[in-house]
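No value in this document is a laboratory result; all are computed from the given coordinates. As the structure is a computational prediction, the values presented were derived from the model and not from experiment. Counting neighbours? That spans all protein chains shown, and the Cβs are built from the backbone with ideal geometry, glycine included.
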Amino acid sequence: MKIAIIKLSAMGDIIHAMVALQYIKKYNKDIKIDWFVEKVFAPILEYNPDINNIIEVNLKKIKKDKASFFREIKTIRKYKNNNYDLVIDAQGLIKSAIVSKLIGKNIAGFSKKSIREGIASFFYNQKIDIAYAKNTIDRNAKVLSAPLKFSISKDDILNKKPFLFFKNEDKKIYDYLSENKKNIIFVISSTWESRNYPKEKFIKIANDLKENILIIWANDEEKVKASFIAKESKYVKVLPKINLNTLKALINNSDLLIGNDTGPTHMAWGLNIPSITIFGPTPVNRVYETKINKTIKSSSKVNHYKLNKNDFSINNIKVEDIVKIARELLV
């Protein structure tokens with residue numbers, strides 16, 4: 001049996017869906033799996049032994065270059081020749097539904113009431129019901145297992161094997177790791193400013209823990225913020241810019257990750273590395289809390305259907321509460 005999974009973006013959403021792969025293969029080791037993904041996020045999937053082919057698309061480019069639309073559609077349509085027995089749209093957006101329709105006939109996806117862009121469900125032959133406000137990982141597990149006539153339980157997910165893999169990483173990261181102190185990764189930025197824990201409070205966390213703190217960054221603005229934190233704390237080092245493959249290796253060799261609700265933070269969960277995810281205006285039930293993967297949420301209420309980008313309640317989370325959890329995880 002040959003299936004295609006459509007999960008184009010974003011990094012955290014892809015990671016939360018990838019957990020299903022090991023259980024699909026456990027259910028039927030002979031299933032061949034192709035995964036369609038935005039080019040920028042393809043490295044997240046690389047080296048996973050349960051994926052046969054990673055197929056990159058570049059739909060994000062269309063927003064900037066309208067002329068590329070028809071070229072991209074033509075390229076995607078060619079994959080119809082792969083003759084998939086089943087296409088699963090695990091994204092639930094109109095664009096992912098269109099990709100699904102271009103490459104296959106037997107298409108499964110979320111029901112109309114289970115997704116934000118309900119019109120996407122009209123493209124599917126099989127429609128999977130699960131509330132939009134349910135845990136994101138459970139939603140992904142169900143949409144990827146139900147069409148194959150099996151289920152993934154909460155216990156399965158809690159007892160998962162690590163599913164992010166890396167090879168030939170940039171060895172310079174190992175120069176920044178300490179043999180004498182605990183290595184802690186800070187993820188200090190995300191897509192909205194209101195999702196970012198204040199840099200001044202990250203400084204206090206670093207100074208309280210007194211371990212080897214490493215900050216990653218993706219753009220100049222994040223680098224400036226990271227440099228500010230490093231200037232104010234002797235325990236902090238700013239890493240050079242690294243790619244996603246090397247980031248997986250770095251997190252895999254760390255003792256703890258503390259970060260905002262964003263893709264790199266969720267990598268720790270995918271690698272079975274201890275983590276603390278800090279939530280403000282986004283729903284805390286997007287993730288699983290485990291013995292080693294903890295969450296801390298501000299007091300604000302979140303509307304799953306309409307997130308409030310002006311909710312800066314993350315600023316009110318106490319440093320000492322995060323430090324307490326960190327110390328418990330570092331024992």
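Of note:
- Unmet requirement for Ala4, which otherwise passes all of (1) farther than 21 Å from Leu158 by Cα; (2) out of contact with any Phe, Trp or Tyr (no Cβ under 7 Å at 6 or more places or on another chain): (2)
- Selection within the stretch 191-235 - in contact with a helix residue (DSSP H, G or I) (Cβ under 7 Å, 6 or more places away or on another chain) and acidic (Asp, Glu): Asp208, Glu232
- Filtered residues of the stretch 78-92 (kept if in contact (Cβ under 8 Å) with a residue 60 or more places away in the chain and surrounded by fewer than 20 Cβ atoms within 10 Å (Cβ to Cβ)): Asn82, Asn83, Asp85, Leu86
- Among the conditions (1) touching a residue at least 12 places away in the same chain (Cβ under 8 Å); (2) farther than 26 Å from Lys301 by Cβ, Ile130 misses just one, which is (2).
- Of the residues making up the stretch 158-217, those that are aliphatic (A, V, I, L, M) and under 26 Å from Asn245 (Cβ atoms) number 11.
- Residue check, Leu239 farther than 20 Å from Ile322 by Cα and in contact with a strand residue (DSSP E or B) (Cβ under 8 Å, 6 or more places away or on another chain): yes
- Residues being in contact with a strand residue (DSSP E or B) (Cβ under 7 Å, 6 or more places away or on another chain), under 19 Å from Leu158 (Cβ atoms) and in contact (Cβ under 8 Å) with a residue 60 or more places away in the chain - total across the stretch 277-331: 2
- In the stretch 56-73, the residues that are of a type in the set (A, V, I, L, M, F, W, C) reach residues that are surrounded by fewer than 15 Cβ atoms within 10 Å (Cβ to Cβ) and assigned to a helix (DSSP H, G or I) with C-beta atoms within less than 6 angstrom, at least six apart or across chains, in these pairs: Ile62/Phe69.
- Residue match in the stretch 238-251 (condition: among the hydroxyl-bearing types (Ser, Thr, Tyr) and either surrounded by fewer than 21 Cβ atoms within 10 Å (Cβ to Cβ) or without any contact (Cβ under 8 Å) to a residue 24 or more places away in the chain (or both)): no
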